[in-house]
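The values are calculated or read from the model by the stated rules, or taken from the named source; none is laboratory data. Model, not experiment: these values are computed from the prediction. FYI the Cβ positions are ideal-geometry reconstructions off the backbone, even for glycines, and counts take in every protein chain you see. For accessibility, only protein heavy atoms count, side chains too; no ligands or nucleic acids. Shrake-Rupley method; radii C 1.70, N 1.55, O 1.52, S 1.80 Å.
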Amino acid sequence: MKPIYWDNGIVKLLDQRLLPDKEVYVEVKSVKEMANALREMRIRGAPNVGIAGAYGIVLGIWNYFGSVGDLPEVYHSWCEWLQKARPTAYNLARALSLFRPLFQPENLSSTSLSELKEQSLYIAHGLVQAEESACERIGTHGERLIPPRGRILTLCNTGSLAAYGIGTALGIIRKAHQARKNIFVWVMETRPWLQGARLTAWELQQDKIPFRLIVDSVAGQLFREKQVDLVLVGADRIAHNGDTANKIGTYPLAILAHYHDIPFYVAAPRSTFETTRHDGSHIPIEERPEEEVLTFHGIAVAPPQTRAYNPVFDITPAYLITAFITDTGVYSPSQIPAL
């Protein structure tokens with residue numbers, strides 16, 4: 001499954017808003033169109049958001065006809081447009097920074113515009129390969145933590161639609177299934193965009209992995225009934241001390257796991273770790289339009305004039321996390337600052 005790919009000057013995105021009903025690819029031809037696609041959730045998941053941002057910069061260069069000397073300022077504008085679209089995902093900021101050497105005066109003075117185009121595409125393609133490889137290694141490291149008859153609870157979507165290749169947390173589940181472990185997955189629906197119901201269930205169904213869908217508020221009852229052996233989630237940004245920003249609902253899920261003494265694992269590539277922010281209090285939390293909560297498929301579900309609060313992420317303190325499963329190994333929260 002390729003949720004995003006380059007096609008001769010155009011970026012094609014599998015429109016995740018239409019899944020699982022329709023599998024439709026949309027064409028993105030400019031930086032602003034990519035920023036809009038990110039904002040509209042046509043592409044999502046921290047690693048794939050980073051890849052989309054990288055291809056956004058490529059589109060900018062491929063459609064640029066101005067002076068090479070003006071490119072540093074133009075590049076800065078491109079980064080602003082893209083970063084504002086999804087401010088929490090660190091993979092996006094990191095992906096955009098990969099292009100910074102291209103726009104240094106010493107490089108621009110000796111590089112033609114056609115060479116810049118090729119160099120930018122090389123960087124974006126390289127990021128795709130790196131993220132795909134990272135997911136494979138995350139899956140390999142994490143599979144060893146899954147018991148032979150593991151019952152796994154997961155939130156949101158962390159598969160191929162979120163991270164290129166097999167995915168992060170869902171990649172671990174795939175590896176466990178391939179190892180013929182008798183696993184079962186509880187899938188939280190993940191309001192308000194229903195990434196669990198629409199996307200994770202769809203991916204698990206394709207791989208014939210046993211699962212059941214639950215509304216988000218059922219998680220506590222599952223813990224009480226001792227029907228969960230471990231929790232596997234992804235991450236959008238991990239601070240220097242291990243505090244983790246992930247899909248809204250992760251923090252209360254971590255508290256439940258901690259209370260019931262159930263392992264709580266965060267699966268993420270090293271590209272999601274940010275050393276410059278000391279702890280979670282410094283991570284920006286994206287807040288999306290109120291209509292996402294007030295409506296469902298365009299139909300109002302609340303009285304007129306109702307206001308809604310719609311943060312997309314919450315912060316899980318490092319002490320609630322059992323371990324981080326990364327592409328370089330498995331680490332306890334106390335080891336994260338040393339990384």
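Brief remarks on what is shown
- Scanning segment 99-127 for residues that are assigned to a loop (DSSP other than H, G, I, E, B) and either surrounded by fewer than 18 Cβ atoms within 10 Å (Cβ to Cβ) or of a type in the set (S, T, Y) (or both) gives Q104, S109, S110, T111, S112.
- Among the candidates K2, K84, the residue that is under 21 Å from G126 (Cβ atoms), under 17 Å from the mean Cα position of the chain (by Cα) and open to solvent by 60 Å² or more (accessible area, probe 1.4 Å) is uniquely K2.
- Hey, T326 in contact with a strand residue (DSSP E or B) (Cβ under 6 Å, 6 or more places away or on another chain), modelled with pLDDT of 95 or more and either of a type outside the set (S, T, N, Q) or surrounded by 14 or more Cβ atoms within 10 Å (Cβ to Cβ) (or both) or not: no
- The strands (runs of 3 or more DSSP E) located wholly in segment 255-333 that include 1 or more residues which are of a type outside the set (A, V, I, L, M, F, W, C) and within 16 Å of the chain's Cα centre (by Cα) occupy 264-267, 313-316, 323-326.
- Restricting attention to segment 241-269, the residues that are out of contact with any strand residue (DSSP E or B) (no Cβ under 8 Å at 6 or more places or on another chain) and closer than 17 Å to P333 by Cα total 3.
- In segment 128-150, the condition of being surrounded by 16 or more Cβ atoms within 10 Å (Cβ to Cβ), out of contact with any Pro (no Cβ under 9 Å at 6 or more places or on another chain) and modelled with pLDDT under 95 is met by no residue.
- Number of the exception - G249 against (1) in contact with a helix residue (DSSP H, G or I) (Cβ under 7 Å, 6 or more places away or on another chain); (2) modelled with pLDDT under 95: (2)
- Qualifying residue in segment 228-241 (condition: modelled with pLDDT of 95 or more, in contact with a Gly (Cβ under 9 Å, 6 or more places away or on another chain), of a type in the set (D, E) and over 30 Å from A95 (Cβ atoms)): yes
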